[in-house]
Each structure stands twice: as structure tokens, then as C-alpha cells.
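S.K.: Just passing along the structure, written as C-alpha cells.
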Amino acid sequence: MTDTAGLSVHASAVLVGNRAVLIRGPSGAGKSRLAFDLILAGRAGQIAPTVLIGDDRVHLEASQEQFRAQPEGHHPQGQLIVRPARQLAGLIEIRGLGIRRCDFAEEAVVGLVVDLHAADAERLPPPEALVTCIYGINLPRIPVGVGYAALPLIAAELTTTSGYGSTQLLDRCSKGIRNHISPTIATE
């Protein structure tokens, strides 16, 4: 049972390990290129094995099914499911080669959203910029600015943990930008 019928959106998606990366952005932003780069990074062992879900157009659907057995009073937010558009399943555009056929997954749970050409991309983004809400489901998000490589950011997100819990940013900074890490952190 689903809460929302599958909506077709202009995006690409790949399955990295057991979670999908949903790639959004305007036409020409590099969604197909990033999807293929992630597939290659998975084959090279830089990230978990990666397979295409859909390129250019995918279907999104909010689902609460898995949570029926939750205790009373517990209200989980659900999951966002992504599927390829039927007509485009297994097809990916590779600039310079055209449309190519490759293996694909029929569905996956979205675990990360990447927004290419994001106006709110920053060097040290505030926590609220690192979350997006789709169909009422909060998901981790990476905003990527124009001209910046998304692949290293995604690899870092998939292979590292946040340092905010273990570091302290200085309130007073000699440069006046309040983003320097405390020099005493190693001794604390």
C-alpha cells in the first residue's frame, strides 16, 4: 500500500549498495554523467557496488508499508521508493556515445538526494541545507554548486561520518568567519 501514486520526475537515480542516490538538477546539469560516474566508482571499488535505476526520468513513490508493525504512538516518516520510467529502463545517455543499454535495478529506497546547480550550495552548509523533504519524507541532501564536482562529495557522504559531533567550531575567529576548528580539539 502506498500513500502517493508514483510521480514521474526529471531526475536520474542509481543504487549504491542498498540505497538509491536520486540526482536532480536542470537540463544539462550533468545528471546522466554523474549517474555513470557513480556506476564506474562502484566498479572501481571506490564506493559500494552501483547499478543504474533510471536516467532522465524516474518514478517516485512514498511508502509506509514496512512500518505497519510499529508500536502504537510511533509515527515513522516512511520511505521514498524510486523506479525507472518503463520506456527508459536500462538506458543511459553517455555524452559522445549516445544512448547506451546497461544493467538496472527495478526499484530501491532513496537514501540520498543530490541537487546539481543548487543555489544554496556552500563551503560549510548549514544543517538545514543538508536535508530535503519529498512527499513528507526527510532525506539527506547534498547541494552541489555550478562548476563543482559532485562525485567526491557523494563518495565522502557514503564513506565517512559527520564530524560535527566531535569537533567544536570557534565562536571567535581571527578572520571573522566563525568556522575554524578549535586548536585544542586533539587534547580534549
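The values are calculated or read from the model by the stated rules, or taken from the named source; none is laboratory data. Computed from a predicted structure; not experimentally measured. In this analysis, Cβ positions are derived from the backbone assuming ideal geometry, glycine residues included, and neighbour counts consider all displayed protein chains.
S.K.: In the stretch 93-118, what residues are modelled with pLDDT of 95 or more and of a type in the set (Lys, Arg)?
M.R.: ARG100, ARG101
S.K.: Kindly check whether there is at least one residue in the stretch 28-40 that is touching a Lys or Arg at 6+ places or on another chain (Cβ under 7 Å), part of a strand (DSSP E or B) and at pLDDT 95 or above.
M.R.: Initially, the stretch 28-40 is screened for residues touching a Lys or Arg at 6+ places or on another chain (Cβ under 7 Å), giving 33.
Now drop any that are not part of a strand (DSSP E or B), which leaves none.
No, because not a single residue in the stretch 28-40 is touching a Lys or Arg at 6+ places or on another chain (Cβ under 7 Å), part of a strand (DSSP E or B) and at pLDDT 95 or above.
S.K.: Anything in the stretch 98-134 that is of a type in the set (Asp, Glu) and part of a strand (DSSP E or B)? List them, or say none.
M.R.: ASP115
S.K.: Could you give me the residue pairs with C-beta distances under 9 Å whose first residue belongs to the stretch 111-134 and is more than 17 Å from GLY147 (Cα to Cα), whose second residue is among the aromatic types (Phe, Trp, Tyr) and surrounded by fewer than 17 Cβ atoms within 10 Å (Cβ to Cβ) wherever it lies, and which are 6+ apart or on separate chains?
M.R.: If the second residue must be among the aromatic types (Phe, Trp, Tyr) and surrounded by fewer than 17 Cβ atoms within 10 Å (Cβ to Cβ), the pairs left are PRO127/TYR164.
S.K.: In the stretch 92-131, which residues are touching an Asp or Glu at 6+ places or on another chain (Cβ under 6 Å) and surrounded by fewer than 15 Cβ atoms within 10 Å (Cβ to Cβ)?
M.R.: The one that is touching an Asp or Glu at 6+ places or on another chain (Cβ under 6 Å) and surrounded by fewer than 15 Cβ atoms within 10 Å (Cβ to Cβ): ILE99.
S.K.: Determine if the stretch 151-170 includes at least one residue that is farther than 15 Å from VAL114 by Cβ, at pLDDT below 55 and more than 27 Å from the chain's Cα centre (by Cα).
M.R.: There is at least one residue in the stretch 151-170 that is farther than 15 Å from VAL114 by Cβ, at pLDDT below 55 and more than 27 Å from the chain's Cα centre (by Cα).
S.K.: Further, regarding this structure: Restricting to the stretch 50-68, give me the number of residues that are of a type in the set (Ser, Thr, Tyr) and modelled with pLDDT under 95. Step through it out loud before you land on a result.
M.R.: First, pick out the residues of the stretch 50-68 that are of a type in the set (Ser, Thr, Tyr): 50, 63.
Still in the list and also modelled with pLDDT under 95: 63.
So the answer is 1.
S.K.: Of all residues in the stretch 1-16, which are over 17 Å from LEU88 (Cβ atoms), in a loop (DSSP other than H, G, I, E, B) and either at pLDDT 95 or above or among the polar types (S, T, N, Q) (or both)?
M.R.: Keep residues of the stretch 1-16 that are over 17 Å from LEU88 (Cβ atoms), which gives 1-5, 16.
Filter once more, keeping what is in a loop (DSSP other than H, G, I, E, B): 1, 3-5.
Residue satisfying the conditions is THR4 alone.
S.K.: All but one of (1) over 17 Å from VAL9 (Cβ atoms); (2) touching a strand residue (DSSP E or B) at 6+ places or on another chain (Cβ under 9 Å); (3) at pLDDT below 95; (4) not polar (S, T, N, Q) hold for PRO71, so report the exception by its number.
M.R.: (2)
S.K.: Looking at GLY45, GLY30, can you tell me which residue is surrounded by fewer than 15 Cβ atoms within 10 Å (Cβ to Cβ), more than 15 Å from PHE104 (Cβ to Cβ) and not charged (D, E, K, R)? Reasoning before the result, please.
M.R.: Working: GLY30 fails: surrounded by fewer than 15 Cβ atoms within 10 Å (Cβ to Cβ).
After applying the criteria, what remains is GLY45.
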